[in-house]
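The values are calculated or read from the model by the stated rules, or taken from the named source; none is laboratory data. This is a predicted model, so every value here is computed, not measured. Quick reminder, even Gly has a Cβ in these numbers, built from the backbone with ideal geometry, and neighbours come from all protein chains shown. All accessible areas refer to the heavy atoms of the entire protein, side chains included, with ligands and DNA or RNA removed. Shrake-Rupley method; radii C 1.70, N 1.55, O 1.52, S 1.80 Å.
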Amino acid sequence: MRVDPVTRRYADALYELAAEKGQLDAVRSDVEALAVELDVPGVADWLFDARVEQTERRSKFALVTQSFSPLTQNLVQLLFDKNREGVLAHLESAFQARIRLEEGVAEGVVESPRPLGAGELAELEVSLGARLGKRVTLDNRMTSDLVAGVRVVVDNRMIDYSVQGRLEELRRRLLEAPLPSSQA
């Protein structure tokens, strides 16, 4: 999931402050609890509804965050102060992405024409991890436009091991190859 830059900045600031204060586990738990709360049917609709007065939304949402660490409570209050409640919708994704970044983990997607087995997926993760210098975790998605092979997207890079990709690369190289001169 793509996270907007504003949400990423707030998540990064929260992460850095929590790490500095030694409260990373508590804040991580809070952010996960926020995401769970926003997944409850109707909560997100109500929270992000401009027809509901902000003071009402703020006071009701304060009940949700009352057991959270002061860092998380302050962030939520700041978001309300700045009329940025929308950041809460994807805060957990951005915060988890920052944690993965700090841990040197890259997430990616491997597209294949059939489901990959756990062994095949692990093999790809290890080889790509060695290539990228990170620990890689991959999610397998089936794609009907691939005949054989796989296409991997990780760290904003696409690595194409598909038959179509290899044929296209061969085509490109043949078109760029110099022709022998016919001097007699």
Any hit, the range 118-137, residues being within 27 Å of Leu34 (Cα to Cα), under 22 Å from the mean Cα position of the chain (by Cα) and of a type in the set (D, E, K, R): no
Test for Asp4: is it touching a residue at least 60 places away in the same chain (Cβ under 8 Å) and open to solvent by 40 Å² or more (accessible area, probe 1.4 Å): yes
In the range 140-184, the residues that are surrounded by fewer than 10 Cβ atoms within 10 Å (Cβ to Cβ) and under 30 Å from Ala97 (Cβ atoms): Ser144, Asp145, Asn156
Where a residue in the range 24-47 is closer than 21 Å to Ile99 by Cα and its partner, wherever it lies, is modelled with pLDDT of 85 or more and not in a helix (DSSP H, G or I), with Cβ under 7 Å and at least six apart: Ala26/Ser69; Val27/Ser69; Asp30/Phe68; Asp30/Ser69
Failed condition for Arg9, given (1) over 15 Å from Ala89 (Cα atoms); (2) charged (D, E, K, R); (3) open to solvent by 80 Å² or more (accessible area, probe 1.4 Å); (4) in a helix (DSSP H, G or I): (1)
Top-ranked residue of the range 122-132 - restricted to ones that are under 22 Å from Asn156 (Cβ atoms) and out of contact with any Ser or Thr (no Cβ under 8 Å at 6 or more places or on another chain), ranked as most open to solvent (accessible area, probe 1.4 Å): Arg131
Long-range neighbours under 7 Å by Cβ, at least six apart or interchain, first residue closer than 10 Å to Arg58 by Cβ within the range 70-84, second in a helix (DSSP H, G or I) and among the polar types (S, T, N, Q): Val76/Thr65; Phe80/Gln54
